[in-house]
Amino acid sequence: MKLIVVPTYTYNPAKSLDFTSHLNPKPYLGYGFENQINEHKKLKKISEGEERELRDRCIAFVTYIIKQFQQRLPDNISMLEKIEILSPSNTLKQIKDNISPICEFFGFQYKEIEKIDLQWPNINLLNWKNTNSAVEFWSEVYSFQDSASNNPFKELANLAFTVLCIPWSNAACERVFSQMNLIKTKLRNKMKSPMLISLLHIRSGLKRNKKCCHNFVLPDTVIKKIGTNDVYNVETELNDNDDDNIISFADFQI
């Protein structure tokens, strides 16, 4: 939006729906574009009318992209923008924003919010090792224990995990649907949900651990279960925390 609006216009990409009335009549469209235009003008390969038409088409294209982007933004974008305070760098600051609005937005109870509000200003008093990744940082916070074997930041870590597990786009869901269509084909239309879910878990687990089915080494406990009734028991609970044992749930009767 900054590329095509006048410099004096104060804009917000998520909320500025009237930006089309503040378009720059002759915006700077980048070094490559402006350089090519000047060369064509020197060689008289482009007229002023053609240049104007080309600029208008570029502005219209960027305007269309902005409008499409705005339509895809959620209504609660202002709240989602505040979630960045849970990044390790912002969390460990001495002076930081109030975290209570985020707790209320995600439906935490009064007592939980009160505990989180007390834990929030104290978390920077300790030295944490994993500060480069939000997932590793909050995992360390969640597993931390004091001298009394208590975690003084448990509720705060639960809030961070609640936020981190939010799908920020529907891309992951669309990938699951694509994988589902690849697994449950017309020739395998009698496959039931437990088997389908198990196979999706297997594919996801292999990808998450950067492994492949061609070179994946099955655990001995899984090999011993091949051909036994345990393999065909649909009530077997799947342990999401153990990706090595994820194969034991299904895929042997294929």
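The values are calculated or read from the model by the stated rules, or taken from the named source; none is laboratory data. All values reported here derive from a predicted model rather than from experimental measurement. Every residue, glycine as well, gets a Cβ built from its backbone with ideal geometry; the counts of neighbours run over all protein chains shown. Areas reflect the complete protein model, heavy atoms only, side chains present, ligands, DNA and RNA absent. Shrake-Rupley method; radii C 1.70, N 1.55, O 1.52, S 1.80 Å.
Does T10 fit the bill of being open to solvent by 80 Å² or more (accessible area, probe 1.4 Å) and under 23 Å from S78 (Cα atoms)?
Spelling it out, T10 is indeed open to solvent by 80 Å² or more (accessible area, probe 1.4 Å) and under 23 Å from S78 (Cα atoms).
For residues that are not in a helix (DSSP H, G or I) and not β-branched (V, I, T), tally how many sit in region 101-131.
9
Output the residues belonging to region 217-240 that are open to solvent by 90 Å² or more (accessible area, probe 1.4 Å) and at pLDDT 80 or above.
V217, D220, K224
Mind checking whether some residue in region 39-61 is closer than 24 Å to Y142 by Cβ and open to solvent by less than 90 Å² (accessible area, probe 1.4 Å)?
No, region 39-61 has no match at all.
Filter region 182-216 for residues that are part of a loop (DSSP other than H, G, I, E, B) and out of contact with any helix residue (DSSP H, G or I) (no Cβ under 9 Å at 6 or more places or on another chain) and give the result.
Result: T185, N189, K190, K192, K210, H214, N215.
Would you check if P167 is over 23 Å from L73 (Cβ atoms) and out of contact with any strand residue (DSSP E or B) (no Cβ under 9 Å at 6 or more places or on another chain)?
The answer is no for P167.
Can you find, within region 157-188, the residue that is farthest from the chain's Cα centre (by Cα) among those that are β-branched (V, I, T) and surrounded by 10 or more Cβ atoms within 10 Å (Cβ to Cβ)?
I183
Count, please, the residues in region 15-32 that happen to be surrounded by 14 or more Cβ atoms within 10 Å (Cβ to Cβ) and either more than 18 Å from R57 (Cα to Cα) or among the aromatic types (F, W, Y) (or both).
2
What do you reckon, is I95 in a loop (DSSP other than H, G, I, E, B), hydrophobic (A, V, I, L, M, F, W, C) and either closer than 30 Å to L164 by Cα or open to solvent by less than 40 Å² (accessible area, probe 1.4 Å) (or both)?
yes
Suppose we filter F153, F137, F105 for residues that are closer than 30 Å to F19 by Cα, in contact with a helix residue (DSSP H, G or I) (Cβ under 6 Å, 6 or more places away or on another chain) and either without any contact (Cβ under 8 Å) to a residue 40 or more places away in the chain or surrounded by 15 or more Cβ atoms within 10 Å (Cβ to Cβ) (or both); which single one remains?
Matching residue, one of F153, F137, F105: F105.
Considering only residues that are assigned to a helix (DSSP H, G or I) and of a type outside the set (A, V, I, L, M), which ones fall in region 145-181?
K154, E155, N158, F161, T162, C173, E174, R175, F177, S178, Q179, N181
Which members of region 75-87 meet the condition of being in contact with a helix residue (DSSP H, G or I) (Cβ under 7 Å, 6 or more places away or on another chain) and either farther than 21 Å from E104 by Cα or outside any helix (DSSP H, G or I) (or both)?
S87
Go through region 59-84 and count every residue that is farther than 16 Å from W168 by Cβ and either in contact with a strand residue (DSSP E or B) (Cβ under 8 Å, 6 or more places away or on another chain) or not charged (D, E, K, R) (or both).
11
Select from region 197-216 the residues that are surrounded by 11 or more Cβ atoms within 10 Å (Cβ to Cβ), farther than 17 Å from A172 by Cα and not aromatic (F, W, Y) and write down the one among them that is nearest to the chain's Cα centre (by Cα).
Per the criteria, the residue is K211.
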